[in-house]
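*Asks:* Handing you a structure now.
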Amino acid sequence: MGERVLTLRELSRATLARQLLLERKRLSPTAVIERLVGMQAQWPPAPYVGIWTRTASFRRADALERELECAAVVKATVMRQTLHLVTRRDYALIRAAFPWETKRAKQLAPSVRALAARGPVTSAEALAHLESEHGLAGVDARRAWQMARLAAHIVHHHETALWQPRNERRFVAIEEPEAHVPVEARAEIFRRYLAAFGPSTRRDIGAWSMIRVAEIDAALELLEPLRRFRDEQGRELLDVPRAPLPDAETPAPVRFLPKWDNVLLAWADRTRVLPEQYRKTVIKMNGDVAQTFLVDGFVAGIWRVDDGRVVLEPFEPLSAAARREIEDEAGRLEAFLAEP
């Protein structure tokens, strides 16, 4: 028998189930962040809205900010060299799996780590240090600082990840992460990716991780046996055993997503959530990703906050029932945003 073909709606429902967007769960912020292999954090409120839309009883100032303060969750440059909130365990795996450091960065790492060991450091202080100690200035210094802090395990100060961030240019050194064999770390991270975002193609894995095909293939070999499907275009889809595959007609509730939510970015082909005709409206040429809302499992519009009210911009006319559901969910979001 040939491999089972999964329709677009089946892929949509699988994605929603794994992303906690079919049913809110009573999970801690740390559990959500681990389940999703990190949450995009370029815009500080994004992880808060992302956790709220996936869980029950989440309050902004509770567990997440405590976990940030004690560094159980860190704001770091990880997948696709973008800012995410990740747990310390996942930080260690990701850094072993995706070693982006240049030779020059590795050479500079001990020097900038020693600087940060004295206490939180600003970019201006780091650039001055690189100029005085290593003769680097201008663009060269900025690039060196960006890469050297990755190699030195210097992350953003936790206050930059608060709902109302403070000291946005400060960085801190964290303990050296646990060592992992790179190919084994990649295998574990790809297993977790498939559990959170699968079934997916190899191209999808590459788009999410920015890892070369040969390295992806070597890691996937360690995960065998994998489930294999085909999409409606005939492309091979990989998946981990026993991951949920809900029926295509499973009802999908309205959900609001924050800027840069990974559910819009984690594949080469994003149509399982984001219809192609709306992609350029949602994902701008400069890389900005709008706040969106889902109707029947697919992006149906964008939203913004104006004077404390959630303003909806649907892409197409909505049914009366869908409009009522969106407005009810928007009211809950307004209450969350208004929390002290």
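The values are calculated or read from the model by the stated rules, or taken from the named source; none is laboratory data. Fair warning: this is a prediction, and the values are worked out from it, not measured in the lab. With ideal geometry, Cβ positions are generated from the backbone for all residues, glycine too; neighbour counts draw on all protein chains shown. Accessible surface areas use protein heavy atoms only, side chains included; no ligands, DNA or RNA. Shrake-Rupley method; radii C 1.70, N 1.55, O 1.52, S 1.80 Å.
*Asks:* Treating the angle as unsigned and between 0 and 90°, give the value, to the nearest 10°, between the Cα long axis of helix 103-116 and the longest Cα principal axis of the chain.
*Replies:* Tilt of helix 103-116: around 80 degrees.
*Asks:* Treat the chain as a sphere of radius equal to its Kirkwood radius over Cα pairs and apply Stokes-Einstein at 37 °C in a medium of 0.692 mPa s; give the translational diffusion coefficient in µm²/s, rounded to a whole number. Kindly include the intermediate steps, with their values, before the conclusion.
*Replies:* On the way: Rh = 21.2 Å.
Roughly 155 µm²/s, to the nearest whole number.
*Asks:* Would you mind pulling out the separation of the Cα centroids of segment 179-195 and segment 284-340, in Å?
*Replies:* Here the answer is 35 Å between Cα centres.
*Asks:* What whole-number volume per residue, in cubic angstrom, does the convex hull of the C-alpha atoms of segment 2-128 give?
*Replies:* 158 Å³
*Asks:* What would the Debye formula give as log10 I(q)/I(0) at q = 0.23 Å⁻¹ for the alpha-carbon point model of segment 1-44, no solvent?
*Replies:* Taking Cα atoms of segment 1-44 as identical point scatterers yields -0.88.
*Asks:* Take the Cα atoms of segment 163-253, find their three principal axes, and give me the spread along each one in whole Å, biggest first.
*Replies:* That gives 48, 38, 23 Å along the principal axes, largest extent first.
*Asks:* Could you put R332, R272 in order of accessible surface area, largest first, with the 1.4 Å probe and the full protein assembly present?
*Replies:* Sorted descending by solvent-accessible area, the residues read R332, R272.
*Asks:* Related question: Taking N as the number of residues in segment 166-211, what is its Cα Rg relative to 2.2 N^0.38 Å?
*Replies:* Numbers: Rg = 15.0 Å, N = 46, 2.2 N^0.38 = 9.4 Å.
Its radius of gyration relative to the 2.2 N^0.38 Å reference: 1.59.
*Asks:* Please compute the volume of the convex hull spanned by the alpha-carbon atoms of segment 185-311 and report it per residue in Å³.
*Replies:* 136 Å³
*Asks:* Order the following by accessible area, largest value first: W100, W208. Probe radius 1.4 Å; ligands, DNA and RNA are ignored.
*Replies:* Reading off the accessible areas and sorting them downward yields W100, W208.
*Asks:* Roughly how many Å² of R279 are accessible to a 1.4 Å probe, to the nearest 10?
*Replies:* Rounded to the nearest 10, that gives 80 Å².
*Asks:* Using a 1.4 Å probe and ignoring any ligands, DNA or RNA, find the accessible area of F336 and quote it in Å² to the nearest 10.
*Replies:* Roll a 1.4 Å probe over it and F336 shows about 10 Å².
*Asks:* Further question: Normalise the Cα radius of gyration of segment 101-246 by 2.2 N^0.38 Å (N = residues in it) and let me know the number. Write out the running numbers ahead of the final one.
*Replies:* Details: Rg = 20.0 Å, N = 146, 2.2 N^0.38 = 14.6 Å.
Scaled against compact globular proteins, the figure is 1.37.
*Asks:* Any of K106/K284; K75/K103; K103/K280; K25/K280 with alpha carbons more than 30 Å apart? Name them for me.
*Replies:* Among K106/K284; K75/K103; K103/K280; K25/K280, the Cα-Cα distance tops 30 Å for K106/K284; K103/K280; K25/K280.
*Asks:* What whole-number value in Å² describes the accessible area per residue of the chain for a 1.4 Å probe?
*Replies:* For the chain, the per-residue accessible area is 46 Å².
*Asks:* Ordering T30, T281 by how much accessible area each has at a 1.4 Å probe, largest first, what is the list?
*Replies:* T281, T30
*Asks:* Still on this structure: What residue among I302, L265, L22 has its Cα farthest toward the positive end of the dipole of the chain, where the charges are +1 on Lys, Arg and -1 on Asp, Glu, each on the Cβ?
*Replies:* Projecting each Cα onto the dipole axis, the largest value belongs to L265.
*Asks:* If you put +1 on each Lys and Arg Cβ and -1 on each Asp and Glu Cβ, how big is the dipole of segment 100-211 around its Cα centre, in Debye rounded to 20?
*Replies:* Result for segment 100-211 is approximately 300 debye, rounded to the nearest 20.
*Asks:* Scale the Cα Rg of segment 109-148 by the rule-of-thumb value 2.2 N^0.38 Å and send over the ratio, two decimals. Intermediate values should be presented prior to the final figure.
*Replies:* Working: Rg = 9.0 Å, N = 40, 2.2 N^0.38 = 8.9 Å.
Normalised Cα radius of gyration, segment 109-148: 1.01.
*Asks:* Counting only protein heavy atoms, what percent of the accessible surface of segment 106-173 is carbon or sulfur at a 1.4 Å probe?
*Replies:* Roughly 46 percent of what the probe reaches on segment 106-173 is carbon or sulfur.
*Asks:* Taking 30 Å as R0, compute the FRET efficiency from the Cβ-Cβ separation of D307 and T271 and round it to 0.05.
*Replies:* It comes to 0.30.
*Asks:* In whole percent, how big is the carbon plus sulfur part of the accessible area of segment 269-340, probe 1.4 Å, protein atoms only?
*Replies:* Carbon and sulfur together cover 50 percent of it.
*Asks:* Further question on the same structure: Enumerate the whole-percent occupancy of each 10 Å bin, from 0 to the last occupied one, for all C-alpha pair distances of segment 59-186.
*Replies:* Whole-percent P(r) values from 0 Å outward: 13, 43, 33, 10, 1.
*Asks:* Tell me, rounded to the nearest percent, the portion of alpha carbon pairs in segment 69-114 spaced more than 15 Å apart.
*Replies:* It works out to 52 percent of all Cα pairs.
*Asks:* Considering only DSSP states other than H, G, I, E and B, which trypsin sites (Lys or Arg not before Pro) in segment 1-79 qualify as loop sites with at most 16 other Cβ atoms within 10 Å?
*Replies:* Within segment 1-79, the qualifying trypsin sites (Lys or Arg not before Pro) (loop, at most 16 other Cβ atoms within 10 Å) are R4, R24, R26, R59.
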